[in-house]
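Below: one structure, written as structure tokens.
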Amino acid sequence: MPLFGRRRASGPSGDTARAHGLSADPPGWDGQPRGEPGIHGIARARRWDAVVSASAPELDGESLDFVALEGGEIVVEGETADAAVRPLATAVEPLLDTPFRAEARRQEGSIWAVGASSIVVLEEAGIEGRDVELVVTREGRALHVDGRPSFAPAPAFDQAGPREGCEYVVRATRLIRDLWEVEATAL
């Protein structure tokens, strides 16, 4: 009896299998290695432009989202952040120019992991609301502020879109005062 109690299945093998047009090789395999990885599909988009760890001993909580603006200002949930957040932004700044959005998660004790991505920040005065969507198509221009139609002028948003093409959507979220985080996409 074989070592593990199983017998090999009887049938054609090696040259006999090939003579009968059978093969144990995968379909399309010609026997030549090509150094190609066995990975299929499309790789996931990169979520972060920079990932660092930093010590922030004065910072409370387990997680924190913040935006670092040019000039050193840090915004957390629509308010200017206190000095306790500064070490996290300082750790990212050698790797990524401001402005950037970051997510921080406490790892152990005062050590935090920080993932950050570059963002576009524009100044647009005269719009009341938190979220703006500007859609420009061949049919015209439509501006919505907090989901409601608006006829307010928005020159900064109007200038952000054409870089994407003749039809585009610009989405903006107020960060603080008249500063908006902006994303423009072609339609």
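The values are calculated or read from the model by the stated rules, or taken from the named source; none is laboratory data. No experiment lies behind these values; they were computed from the predicted model shown. Here the Cβ positions follow ideal geometry from the backbone for every residue, glycine too, while neighbour counts run over all protein chains shown.
Within the range 38-49, residues that are modelled with pLDDT of 75 or more reach partners that are in a loop (DSSP other than H, G, I, E, B) and surrounded by 10 or more Cβ atoms within 10 Å (Cβ to Cβ) with beta carbons closer than 7 Å, at six or more positions or on different chains, in the pairs ASP49/LEU96.
You will find that of PRO99, PRO87, PRO153, the residue that is within 15 Å of VAL67 (Cβ to Cβ) and either charged (D, E, K, R) or out of contact with any Pro (no Cβ under 7 Å at 6 or more places or on another chain) (or both) is PRO99 and no other. For the range 125-146, the count of residues that are part of a helix (DSSP H, G or I) and either hydrophobic (A, V, I, L, M, F, W, C) or buried (at least 19 other Cβ atoms within 10 Å of the Cβ) (or both) is zero. The set of residues in the range 103-121 being closer than 15 Å to SER55 by Cα and buried (at least 19 other Cβ atoms within 10 Å of the Cβ) consists of ALA104, TRP112, VAL114. Among the residues making up the range 51-61, a single one is within 21 Å of the chain's Cα centre (by Cα) and of a type outside the set (A, V, I, L, M): SER53. Select from the range 147-178 the residues that are among the aliphatic types (A, V, I, L, M) and part of a strand (DSSP E or B) and write down the one among them that is farthest from PHE100 (Cα to Cα). Here the answer is VAL169. Can you name the residue in the range 71-84 that is at negative phi and surrounded by fewer than 11 Cβ atoms within 10 Å (Cβ to Cβ) and is also nearest to the chain's Cα centre (by Cα) among such residues? Per the stated criteria, the residue is GLU79.
All conditions in (1) farther than 30 Å from PRO149 by Cα; (2) touching a helix residue (DSSP H, G or I) at 6+ places or on another chain (Cβ under 7 Å) hold for ARG105, with the sole exception of (2). Scanning the range 89-115 for residues that are hydrophobic (A, V, I, L, M, F, W, C) and either under 22 Å from ARG177 (Cβ atoms) or out of contact with any Phe, Trp or Tyr (no Cβ under 8 Å at 6 or more places or on another chain) (or both) gives ALA89, ALA91, LEU95, LEU96, PHE100, ALA102, ILE111, TRP112, ALA113, VAL114.
Report yes if some residue within the range 98-108 is among the small types (Gly, Ala, Ser) and either in a strand (DSSP E or B) or not assigned by TED's automatic domain parsing to the domain that holds GLY61 (or both); otherwise report no. Yes, because at least one residue in the range 98-108 is among the small types (Gly, Ala, Ser) and either in a strand (DSSP E or B) or not assigned by TED's automatic domain parsing to the domain that holds GLY61 (or both).
Filtering the range 85-94 for residues that are outside the structural domain of ILE176 (by TED's automatic domain parsing), of a type outside the set (Asp, Glu) and at pLDDT below 95 leaves an empty set.
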